[in-house]
1. Return only the number of the condition from (1) among the hydrophobic types (A, V, I, L, M, F, W, C); (2) surrounded by fewer than 24 Cβ atoms within 10 Å (Cβ to Cβ); (3) farther than 21 Å from A:PRO255 by Cβ that A:TRP142 does not satisfy.
2. Under the condition of being within 24 Å of A:TRP119 (Cα to Cα) and among the aromatic types (Phe, Trp, Tyr), which residue from the range A:178-217 is surrounded by the fewest Cβ atoms within 10 Å (Cβ to Cβ)?
3. Exactly one of these conditions fails for A:TRP192: (1) without any contact (Cβ under 8 Å) to a residue 12 or more places away in the chain; (2) within 12 Å of chain B (Cβ to nearest Cβ). Give me its number.
4. Give me a count of the residues in the range A:165-177 that are surrounded by fewer than 24 Cβ atoms within 10 Å (Cβ to Cβ) and within 10 Å of another protein chain (Cβ to nearest Cβ).
5. With respect to the numbered conditions (1) within 14 Å of chain B (Cβ to nearest Cβ); (2) surrounded by 15 or more Cβ atoms within 10 Å (Cβ to Cβ), which one is the sole condition not fulfilled by A:PHE442?
6. Mind listing just one residue for me: the one in the range B:136-179 that is of a type in the set (S, T, N, Q) and within 20 Å of A:LEU221 (Cβ to Cβ) and, of those, farthest from the other protein chains (Cβ to nearest Cβ)?
7. Are there helices (runs of 4 or more DSSP H) fully within the range A:335-451 with at least 3 residues that are closer than 30 Å to A:ILE32 by Cβ? List them.
Amino acid sequence: MTTTAVAESPVNYLNVRHGVMSWLLTKDHKRIGLMYMVVVTLAFIVGAIFAGLIRIELATPEGDLVSSDTYNRLFTMHGIAMVFFVLIPAVPAILGNFVLPLMLGAKDVAFPKINLLSWYVFVVGTALTFGAMLTGGVDTGWTFYPPYSSSASDSNVFLTGIGVFVTGFSSILTGLNFMVTIHRMRAPGLTWFRLPLFVWAVYATSLVQILGTPVIAITVLMLALERVAGLGIFNPALGGDPVLFQHLFWFYSHPAVYIMILPPMGAISEVIACFSRKQIFGYSFVAFSSLAIAVFGFLVWAHHLFVAGISPYSALVFSILTYAVAVPSAVKTFNWTATMYRGAIWWKAPMIWVFGFLGLFLVGGLTGLFTAALGLDIHIHDTYFVVAHFHYIMVGGAIMGYFAGLHYWWPKMTGKMYSDAAAKVAAVLVFVGFNLTFFPQFILGYLGMPRRYHMYPPEFQVLNVMSTLGASVLGLGYLLVMIYLTYSIFWGEKAGANPWMATGLEWTTQSPPLPENFPETPIVTEGAYEYAKRETKVA
Amino acid sequence: MPNGLAAHADDHVHAHAHHPAQQHHFETLQQQAEASTLGMWLFLVTEVMFFGGLFTAYLIYRLWYPEAWAEGSRELDIRLGGFNTVVLIGSSLTMAMAVRAAQTGRRIATVVQLIATMALGLTFLVVKFFEYKSKYDLGHIPGPNFHFEGVHADQVQIFISLYFAMTGLHALHMIIGFVLMSVITWMAWKGRFSKEWYTPVEMSGLYWHFVDIVWIFLFPLLYLVDRANQLQ
């Protein structure tokens, strides 16, 4: 085994330059990835505090902690913070930025200046939106449905909308940058079917970012103009159509779910192959299922509108297409399971997060089929069933996948190793806490508890207390992750170039990598997951 | 050898000096030009989707409110709109000639054609300003003070809202293009471009043609809804 073959250089991307300005003016994709991590983590903490307040309020049936108006603002701001500032940028902008050029054997992304610009645009958008939260917040729900948002709400809709609008351009530019990078910056010999599956996933995500995000941008802009200048495009009082807003909104916001879940799926593929010590099962199926999800994802948006008065015939078509989009996700899940089958499973922390992902994503995905069914959706629409379903996908899927990837690449990013035992405890805490939080919500929703109210009938209290208890465990789990990862930066053991004995170009350079990634441009001669060719013994 | 990787001494790259415009993370100037071109096309795809939201709204309301659309469209000045269409097509011609001049390494011709393009763009914007001003004078600005004599006043307001949103967004793109071209012209004047490297001129050209094409769609959709009846 030749993991120590890399000659260590004393200079790496972290210590090559010092001072605040060396970060704020950097064009290094690795540093930009870390800068995204800082902002996203802050947004995550803010969003988690909102979630905590929501769960504390719901511990009792009465509305005793906050007023209904405050509660409306809390769940709106929780949604906006988590969707636009955590889930969408987390894996592409943090992990993608860091590992994509490394995986391609490139010195950087295709447009390093635009990459830095994306970060600044993101920060400006974050500042505007969180500024709006500090100065009164917004109470429309993260979906901004008019005419309430355009003419009735007295909260900070305009500023929040502009913040989301601005942030969208960060996402567009990142997607564009990655797509060009994947097309034009691959090392010699790195053909499309030798690419790691994470790259395929990021490519599919970029496609969604490029095609979808401009639509939400123009939609939010129209809404903002409607609110400020009194246009009537979505206002029924002036002959406009609020359902048109819902169509345009979900044309982006449903595919946005795939912006959130596809990159974590890519990370999962990397981790599963490495910790099963096997070639991924059905490489091309996993690769093309990413593209299929991106394409089908654009054809299902109206399943959010089943009760909005759309034609039953179009509802039928959208229902069938929604079932269809489950197929490529199932292909992935089966292939991951088949990869583990007869693999030599290595029980390290990243793999524990993967197990958590698989279980939660499975539940989230299957309950998505419930909501795709036209008749059943009328019963569970706008209930806690839907809340539980999308949290299983977005937290159980996307965030668990993000953590799997983060734990996998952390030694590469920092050069340090975290405590494996602590990471396993955190993974279990998060898994248990998550299920305790959200599984009761499936039952609550099925029993008919509607979402977005700050009080509820007393018979729902037991399940709600369970949920609040689970949220506390979940919060502890996340806190633990932050503690041991921070600890590892200062006191962690040196990780070495390739602590997991993984394949992939990113592991052939030192940790932390050189400022320009590789001493020499690598030449690739084989596929991404040739674990069988390596004689490795793992503990 | 781990991962089947071989050390690669790319001596052919270091054998000759890099072009001054080549950025350090590209292997060759050609790779850089290809990346820019692909990036620009992808950017234009995002622009199509961006305008697409407005075109969708336009399509739906036009199908719902055909009379109001005809009524609103008749309020627009077809002579000014037509004049601007010719001006913009002319500017695309001069832009194409600027790119050609840059490709063939003719510095002065590049600068002159770029300035001509900017002048035509400015003409368009000035005419557009007077069109907006006449709408303002008539009280046709959407919002609480909107004033329109006719049976379908509310629906006409949606038409005029879309008119302002679409042409306003288009004008904003022209202003951005104008700024872009000022920089490119300055670079051309300083002799930064050559037969080997003229990517920025080419990219600005792509952008400008796109803005032009948007107008080619906007003009008939907004100005020519019901002109056939007028001619009879």
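1. Of (1) among the hydrophobic types (A, V, I, L, M, F, W, C); (2) surrounded by fewer than 24 Cβ atoms within 10 Å (Cβ to Cβ); (3) farther than 21 Å from A:PRO255 by Cβ, only one is false for A:TRP142: (3).
2. Within the range A:178-217, the first condition is being within 24 Å of A:TRP119 (Cα to Cα), and the residues that meet it are A:178-186, A:198-217.
Narrowing the set further to residues that are among the aromatic types (Phe, Trp, Tyr) leaves A:178, A:198, A:200, A:203.
Numbers: A:PHE178: 29, A:PHE198: 31, A:TRP200: 26, A:TYR203: 24.
Once the filter is applied, the top-ranked residue is A:TYR203.
3. It fails just one condition, (2).
4. Matching residues across the range A:165-177 total 1.
5. A:PHE442 satisfies all of (1) within 14 Å of chain B (Cβ to nearest Cβ); (2) surrounded by 15 or more Cβ atoms within 10 Å (Cβ to Cβ) except (1).
6. B:THR167
7. Filter on the range A:335-451 gives A:349-372, A:400-414, A:420-447.
To keep it simple, each residue is scored yes or no on (1) more than 7 Å from chain B (Cβ to nearest Cβ); (2) more than 30 Å from B:ILE141 (Cα to Cα); (3) outside any helix (DSSP H, G or I); (4) small (Gly, Ala, Ser).
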position: A:PHE198; (1), (2), (3), (4): yes, yes, no, no
position: A:VAL202; (1), (2), (3), (4): yes, yes, no, no
position: A:SER206; (1), (2), (3), (4): yes, yes, no, yes
position: A:GLN209; (1), (2), (3), (4): yes, yes, no, no
position: A:PRO214; (1), (2), (3), (4): no, no, no, no
position: A:ALA217; (1), (2), (3), (4): no, no, no, yes
position: A:ARG227; (1), (2), (3), (4): yes, no, no, no
position: A:LEU231; (1), (2), (3), (4): no, no, yes, no
position: A:PHE234; (1), (2), (3), (4): yes, no, yes, no
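Here, each number is a calculation from the coordinates, and none is a lab measurement. As the structure is a prediction and not an experimental result, all values here were calculated from the model. A quick note on method: Cβ atoms are made from the backbone with ideal geometry, for glycine too, and the neighbour counts reach across all protein chains shown.
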